[in-house]
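Here the structure comes first, spelled out in structure tokens, and everything after it is commentary.
None of the figures in this text is laboratory data; all of them are computed from the coordinates on show. In this text, all values refer to a predicted model and were calculated from it rather than measured experimentally.
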Amino acid sequence: MSETRSDGELLRAVAADADRRAFEELYRRYAPWLRARLRGRCADLGVVDDVVQETFLAVWRGKARYREEGDVAGWLWRIGSRRLVDALRGDGARGRLRQALARLRHRDEVSAEERVLAGVEHGDLAGALVRLSPELRAVLQATVIDGLTTREAAVLLGIPPGTVKTRAMRARKQLREALA
């Protein structure tokens, strides 16, 4: 009788030893769930399947590291949802930056998010983001970069929607001040 390994044990085996069996078990355990969850966001099953594969490929190659904070399903969802947003937006972060900069040129009032994206080009993004608390950065990532709604971000981050709104407001304020 074989003993079932915990999610953490599987991930440690994959990260430390490139344990293929551990990876396969993790994939069997979570790929159907992730696929079903992503299908709720995207009707194109080809895109969903690609995103699931990219998510697990990132785990296998070590590009995504589990820090043993929270559950594995939430961690995989964060990876998968970010990859889905990139896939749906075409060419990922560069495309978002170009779109934001184009909008920035055509508006009088610039949002904090647009200033952050513009800061990538001018080099002040890293400093502004480093000064944000991890909680504020997480909300900014979920709502601005990943494009999630307040409710979706709340579920993803495991906090109430009101807290998401408050943290987003605080992050915008701090970014305005840092980028002014």
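Before moving on, here are some points about what is shown:
- Computed Rg/Rh of segment 7-88, alpha carbon atoms with Kirkwood Rh: 0.96
- Table column - 3J(HN,Hα) (Hz), segment 137-146, Karplus curve with 6.51, -1.76, 1.60, x for Gly and Pro: 4, 4, 5, 4, 4, 5, 8, 9, 6, 7
- When only alpha carbons are used to place a centre, segment 1-47 and segment 139-180 end up 28 Å from one another.
- Taken one residue at a time, the phi angles of segment 17-31 give Karplus couplings (6.51, -1.76, 1.60, θ = phi - 60°) of 10, 6, 6, 5, 5, 5, 4, 4, 5, 4, 4, 4, 6, 10, 4 Hz. Gly and Pro are set to x.
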